[in-house]
1. Helix by helix through the chain, keep the DSSP H runs that span 30 Å or more along the axis on Cα and average at least -0.5 on Kyte-Doolittle, and give those back in order.
2. Distance between the C-alpha centers of region 66-129 and region 17-45? Whole Å please.
3. Under a cut-off of 29 Å between alpha-carbon atoms, report the lysines in cross-link reach of LYS118, not counting same-chain residues fewer than 8 places apart.
4. If contacts are Cα pairs under 8 angstrom and at least 6 residues apart, what is the relative contact order of the chain in percent?
5. Which label belongs to the value computed from this structure, given these candidates for Rg/Rh (Cα atoms, Kirkwood Rh): (1) 0.97; (2) 1.16; (3) 1.02?
6. Can you give me the relative contact order of region 89-141 as a percent, contacts being Cα pairs under 8 Å and 6 or more apart?
Amino acid sequence: MEIVKSGAQYDRVLSYFDEDGDGKISPSELRNRLGLIGGELQQAEAEAAVESLDSDGDGLLCVGDIERLLEVGEEEKLKDLKEAFALYDSEGCGFITPKNLKKMLRKLGERKSTEECKMMIRRFDLNGDGLISFEEFQIMMA
């Protein structure tokens, strides 16, 4: 299952950062808005970030630049999820089984019975097959 972002979502991100309403994000706007949500960015860092993402060379970010940035973030997240899933799917069968879950939990210092692992899996097993597929794992981790 792939999560598709709509253009409206990218527009909302742009409008949050675009303080002056010109349809673009300046380094100052980026710095100010990140500060409001708890991030910290020096002016030089904001300028470097905008410069690295700016596709048309005007020194500002447009909605297309935001879209590319968020898509790269989604790709990284998907890669990380696949790596985490592979840790649980130690046999490479494409599913997390109660046995695999029990084994991984033991490695993490938690002792669970096979029955407890089956119950844990049932909570996220959308198709009722007693296993967790990668798609179900994605939903579980969202």
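Just so it is clear, none of the values below were taken in a lab; they were calculated from the coordinates. These numbers were taken from a predicted model, which means no experiment stands behind them.
1. Values: long enough: 63-88 (38 Å, -0.31).
Span-like helices here: 63-88.
2. 36
3. Answer for LYS118, where 29 Å is the Cα cut-off: LYS77, LYS79, LYS82, LYS99, LYS102, LYS103, LYS107, listed by chain and number.
4. Dividing the mean separation by the residue count of the chain yields 15 percent.
5. This structure yields the entry labelled (2).
6. Details: 51 pairs, mean separation 18.1, N = 53.
34 percent.
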